[in-house]
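Right, one structure below, let's go through it.
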Amino acid sequence: MNRLWLFLPLALAITLGMVLYFGLGQDPSKLDSALVGESVPDFQLPLLQTPEQQVGSEVFSGKVQLLNVWGTWCAACRVEHAQLNKLAEQGVPIVGLNYKDERPAALEWLEQRGNPYSTVIYDPEGSLGFDLGVYGAPETYLIDTEGVVRHRHVGVVDQEVWESDFKPLYEEYRDDS
Amino acid sequence: MTPEWRRLLILLVVLITVFPLNGQAREERMDDPELQQRFSDLADELRCPKCQNETIAESGAPISSDMRERVRQLLREGYTDEEILEAMVARFGDFVRYRPEFEPRTWILWLGPFVAIAVGIGVVVMITLRTRRRTKDESPVLSDEERQRAEQWLRDD
């Protein structure tokens with residue numbers, strides 16, 4: 001019996017090895033969001049198209065929506081835009097957060113590529129972005145009817161990401177309400 | 001030393017001393033030296049979420065500059081170091097702390113190495129004790145009876 005204890009270090013080493021091995025498969029640039037399960041932080045920001053109009057977190061109540069963080073300086077946002085247009089056509093409500101951008105450039109972008117957003121919040125200082133923990137664009141959040149963040153994706157949302165990560169949650173929260 | 005060499009040497013020294021400052025070279029220092037000290041300590045403890053293996057003090061990424069600005073602002077508003085770290089963790093996750101909080105979830109992280117060392121020492125001690133006990137049992141000194149038998153065999157040969 002006592003001899004079995006000698007295998008303890010071996011067992012520990014194998015466990016550690018397995019943990020590290022599976023760790024290798026993970027993308028270290030994907031951080032788990034501290035915000036999932038929390039409400040969207042409070043903010044007061046103007047809209048992109050109508051600067052005189054201020055909005056706050058009330059834009060996130062009432063329906064299940066996506067929040068997409070984008071900027072004209074962001075190359076990957078260009079890639080993502082077609083997919084957003086497609087989702088908007090399918091009736092998925094998307095709120096845009098124009099992050100650290102300039103108004104004329106952003107307006108021109110929407111003019112040229114189409115506007116998939118129901119509302120675009122203008123955040124040139126990146127203040128709401130900071131409170132959301134945005135560390136690069138594009139980022140996309142799924143927000144439920146109560147304004148609670150349910151999922152976060154850093155990077156481009158393509159068809160595959162939409163179908164595997166967002167769609168099931170989107171439908172679940174939409175049907176719940 | 002020729003003037004060219006001297007110039008090169010001066011250039012080298014300047015380059016070497018200037019590089020560590022790159023992240024926040026053009027940013028304000030805080031007026032209060034005590035706050036500035038707390039700021040540098042905090043900036044050395046927060047990890048840049050974008051660049052992964054740099055502190056926000058070293059990093060030139062825009063997000064790090066935003067984070068430094070926010071740390072300064074919170075310091076000016078009188079928040080404690082602990083509250084500032086919590087505010088950053090609330091936004092960017094546990095990842096941003098180079099020294100994570102000691103809590104049940106991180107026990108294995110903090111205590112794991114010590115447990116591994118303790119187990120290792122335990123095993124070595126056990127093996128040593130066991131071999132020592134065994135060598136005592138099979139003592140090389142022969143009993144009288146064994147010695148007689150041995151002598152008998154030697155004579156018979």
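Yes or no: the stretch A:57-67 includes at least one residue that is assigned to a loop (DSSP other than H, G, I, E, B), surrounded by 15 or more Cβ atoms within 10 Å (Cβ to Cβ) and within 14 Å of chain B (Cβ to nearest Cβ).
Within the stretch A:57-67, none of the residues are assigned to a loop (DSSP other than H, G, I, E, B), surrounded by 15 or more Cβ atoms within 10 Å (Cβ to Cβ) and within 14 Å of chain B (Cβ to nearest Cβ).
For the stretch A:1-15, which residues satisfy the criterion of being over 14 Å from residue B:117 (Cα atoms), of a type outside the set (Phe, Trp, Tyr) and either facing chain B (nearest Cβ under 10 Å) or assigned to a helix (DSSP H, G or I) (or both)?
Filtering the stretch A:1-15 for residues over 14 Å from residue B:117 (Cα atoms) gives A:1-7, A:11, A:14-15.
If we keep only those that are of a type outside the set (Phe, Trp, Tyr) as well, we get A:1-4, A:6, A:11, A:14-15.
Answer for the stretch A:1-15, where residues must be over 14 Å from residue B:117 (Cα atoms), of a type outside the set (Phe, Trp, Tyr) and either facing chain B (nearest Cβ under 10 Å) or assigned to a helix (DSSP H, G or I) (or both): A:2, A:3, A:4, A:6, A:11, A:14, A:15.
Can you pull out every residue in the stretch B:66-91 that is under 25 Å from the mean Cα position of the chain (by Cα) and not charged (D, E, K, R)?
B:67, B:71, B:80, B:84, B:85, B:87, B:88, B:89, B:90
Are there any pairs, at least 6 apart or on different chains, whose C-beta atoms fall under 7 Å, with the first in the stretch B:73-101 and facing another protein chain (nearest Cβ under 10 Å) and under 18 Å from residue B:30 (Cβ atoms) and the second of a type outside the set (Gly, Ala, Ser) and assigned to a helix (DSSP H, G or I), and if so, which?
What qualifies is B:87/B:74; B:88/B:67; B:88/B:96.
Just give me the residues in the stretch B:51-61 being in contact (Cβ under 8 Å) with a residue 12 or more places away in the chain and either polar (S, T, N, Q) or assigned to a helix (DSSP H, G or I) (or both), in sequence order.
Those that are in contact (Cβ under 8 Å) with a residue 12 or more places away in the chain and either polar (S, T, N, Q) or assigned to a helix (DSSP H, G or I) (or both): B:55, B:59.
Within the stretch A:69-111, can you find the residues that are basic (Lys, Arg) and either more than 16 Å from residue A:163 (Cβ to Cβ) or surrounded by 18 or more Cβ atoms within 10 Å (Cβ to Cβ) (or both)?
The answer is A:78, A:100, A:103.
In the stretch B:16-40, how many are modelled with pLDDT of 75 or more and either of a type in the set (Phe, Trp, Tyr) or loosely packed, with under 11 Cβ neighbours inside 10 Å (or both)?
Here the count works out to 4.
Which of the residues spanning the stretch A:16-37 are in a loop (DSSP other than H, G, I, E, B) and either modelled with pLDDT under 75 or more than 9 Å from chain B (Cβ to nearest Cβ) (or both)?
A:25, A:26, A:27, A:28, A:29, A:30, A:31, A:32, A:33, A:34, A:36, A:37
The values are calculated or read from the model by the stated rules, or taken from the named source; none is laboratory data. Predicted, not measured: the structure shown is a model, and the values here were computed from it. No Cβ is skipped: glycine too gets one built from the backbone with ideal geometry, and neighbour counts run over all protein chains shown.
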